[in-house]
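K.L.:
I'd like to ask you about the structure that follows.
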Amino acid sequence: MQKVRKAVFPVAGLGTRFLPATKAIPKEMLTVVDRPVIQYVVDEAQEAGIDHLIFVTGRNKGVIEDYFDIQVELSNTLAERGKSVELKLLDELQPKPGTASFTRQQAPLGLGHAIWCARDLVGNEPFAILLPDMIMQAEKGCLAEMVALYEKTGGNVISVEQCAPEETHKYGIVGKGDAVGNGFKITSMVEKPAPEKAPSNYLISGRYILQPEIFDILATQERGAGNEIQLTDGMLKLAETQDFAAYPFTGRTFDCGSKEGFIEANVAFALWRPDIREKVIGNMEKLLKTVEPADNAVI
Ligand code: UTP
């Protein structure tokens, strides 16, 4: 069985839910506490043993490339000023030479198309996909758990989470088969089924380990929902010939592409940090008691 060495981060979306901020800043660079959203997702990939990061970028995303590059002037200035703690932090976060690649999705034609743009960089081996606007909080990272499952099952592995049974029509839903390792075998996948037709309430969330045959499928795939080339449609086709297993993630997931999810992520990760936790709790208690909805709030 081939090891999962590479991870693809599709960061070419327009981020319309976060305008006007995303007019100039990619949503993946918005900060949760003191680091960009994308850093949390890269940390999760590295914890899972990924040693090559592949970013599919688009227009206005150059800042993501800059973020993962060495900023020589900044490092020199920090060194001159004796800021060794900050220097060490930057050094630890820095991808090693040759382990980060960037390719462009020239037009935002959909997630499936973004993944297809990474085909040459991935090559003929299994690979991970992490949706960079979904950040996950757990003692052990979601992708690390998925790699453990993959090592038992081979094939394809996706992360799933339970939704309210009446909300299945909003998501891709999987059928639950026999237990295997820390997950279960998938018996079927259905895109946005009505609750009475849904095989379960397990939704496909934002992490995938896929076999490279997905690229041939995506190459010829027609546009689906939203007139975009959808990854889920490609997976449905792949599932006709290959096995899929699911890892049910039980930690917290935050959709940082939405305002509420982003704010929740900031609070949750601040509460995780012993250095600021108490202060944040105190301030939030005060705010909750004193702030009322305002007529002149900017919406
Ligand atoms: P979203 O559905 O969140 O779309 O994409 P979006 O454009 O980023 O955001 P909104 O909905 O307009 O606010 C899910 C993931 O797929 C990537 C996005 O960057 C995001 O990480 N994506 C989406 C691409 O890379 N290319 C695309 O064409 C579409």
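K.L.:
Got at least one residue in segment 3-16 being part of a helix (DSSP H, G or I) and within 13 Å of the ligand (Cβ to nearest atom)?
P.N.:
yes
K.L.:
Right, here's the next one. (1) within 22 Å of Pro108 (Cα to Cα); (2) at pLDDT 95 or above; (3) in contact with a strand residue (DSSP E or B) (Cβ under 7 Å, 6 or more places away or on another chain): which one isn't true of Asp133, the others all being true?
P.N.:
All conditions are met except number (2).
K.L.:
Go through segment 17-30 and give me each residue that's without any contact (Cβ under 8 Å) to a residue 40 or more places away in the chain and outside any loop (DSSP other than H, G, I, E, B).
P.N.:
The answer is Ala21, Thr22, Lys23, Met29.
K.L.:
Determine which member of the set Thr168, Thr103 is of a type in the set (Val, Ile, Thr) and out of contact with any strand residue (DSSP E or B) (no Cβ under 7 Å at 6 or more places or on another chain).
P.N.:
Thr168
K.L.:
Kindly indicate the residue of segment 22-43 that is over 13 Å from Phe262 (Cβ atoms) and surrounded by fewer than 21 Cβ atoms within 10 Å (Cβ to Cβ) and also nearest to the ligand (Cβ to nearest atom) among those meeting that condition.
P.N.:
The residue in question is Lys23.
K.L.:
May I ask you to list pairs of residues, at least six apart or on different chains, whose Cβ atoms are under 7 Å apart, with the first in segment 256-284 being under 19 Å from Ala138 (Cβ atoms) and the second being within 16 Å of the ligand (Cβ to nearest atom) and part of a helix (DSSP H, G or I)?
P.N.:
Sorted first by the residue in segment 256-284, then by its partner, the pairs are Cys256/Lys27; Cys256/Val37; Cys256/Phe262; Cys256/Ala265.
K.L.:
Moving on. If I ask for residues that are of a type in the set (Ser, Thr, Tyr) and either surrounded by 19 or more Cβ atoms within 10 Å (Cβ to Cβ) or in contact with a helix residue (DSSP H, G or I) (Cβ under 6 Å, 6 or more places away or on another chain) (or both), which ones from segment 204-227 would you list?
P.N.:
Once the filter is applied, which keeps residues that are of a type in the set (Ser, Thr, Tyr) and either surrounded by 19 or more Cβ atoms within 10 Å (Cβ to Cβ) or in contact with a helix residue (DSSP H, G or I) (Cβ under 6 Å, 6 or more places away or on another chain) (or both), segment 204-227 yields Ser205, Tyr208.
K.L.:
Residues being within 14 Å of the ligand (Cβ to nearest atom) and either farther than 30 Å from Ala270 by Cβ or surrounded by fewer than 21 Cβ atoms within 10 Å (Cβ to Cβ) (or both): count how many of those fall in segment 96-118.
P.N.:
So the count comes out to 16.
K.L.:
Do any helices (runs of 4 or more DSSP H) lying entirely in segment 40-135 carry at least 2 residues that are within 28 Å of Asp255 (Cβ to Cβ), and which ones are they?
P.N.:
In segment 40-135, the matching helices (runs of 4 or more DSSP H) lie at 62-67, 84-93, 111-116, 119-122.
K.L.:
With respect to Phe254, is the statement that it is modelled with pLDDT of 95 or more, under 20 Å from Ile129 (Cβ atoms) and in a strand (DSSP E or B) true?
P.N.:
yes
K.L.:
Among the candidates Tyr202, Tyr208, single out the residue that is within 16 Å of the ligand (Cβ to nearest atom), at pLDDT 95 or above and not aliphatic (A, V, I, L, M).
P.N.:
Tyr208
K.L.:
Given the options Leu53, Leu78, name the one that is crowded, with 17+ Cβ neighbours inside 10 Å, of a type in the set (A, V, I, L, M, F, W, C) and more than 19 Å from the chain's Cα centre (by Cα).
P.N.:
Selected residue: Leu78, the only one of Leu53, Leu78 that is crowded, with 17+ Cβ neighbours inside 10 Å, of a type in the set (A, V, I, L, M, F, W, C) and more than 19 Å from the chain's Cα centre (by Cα).
K.L.:
Related question: Could you grab the pairs with beta carbons closer than 6 Å, sequence gap of 6+ or different chains, first residue in segment 61-72 and farther than 10 Å from Ile25 by Cα, second one modelled with pLDDT of 95 or more and not in a helix (DSSP H, G or I)?
P.N.:
Final answer for the pair search is Glu65/Phe102; Phe68/Ala100.
K.L.:
Oh, and also: I'd like to know if segment 160-170 contains one or more residues that are farther than 30 Å from Glu196 by Cα and hydroxyl-bearing (Ser, Thr, Tyr).
P.N.:
Looking through segment 160-170, none of the residues is farther than 30 Å from Glu196 by Cα and hydroxyl-bearing (Ser, Thr, Tyr).
K.L.:
Can you work out which of the residues in segment 44-58 that are within 11 Å of the ligand (Cβ to nearest atom) and not aliphatic (A, V, I, L, M) is modelled with the lowest pLDDT?
P.N.:
Of everything passing the filter in segment 44-58, Gly58 is modelled with the lowest pLDDT.
The values are calculated or read from the model by the stated rules, or taken from the named source; none is laboratory data. This one's a predicted model, so the numbers in the text were calculated from it and none came from an experiment. Cβ coordinates were reconstructed from backbone atoms using ideal geometry, including for glycine residues, and neighbour counts include every protein chain displayed.
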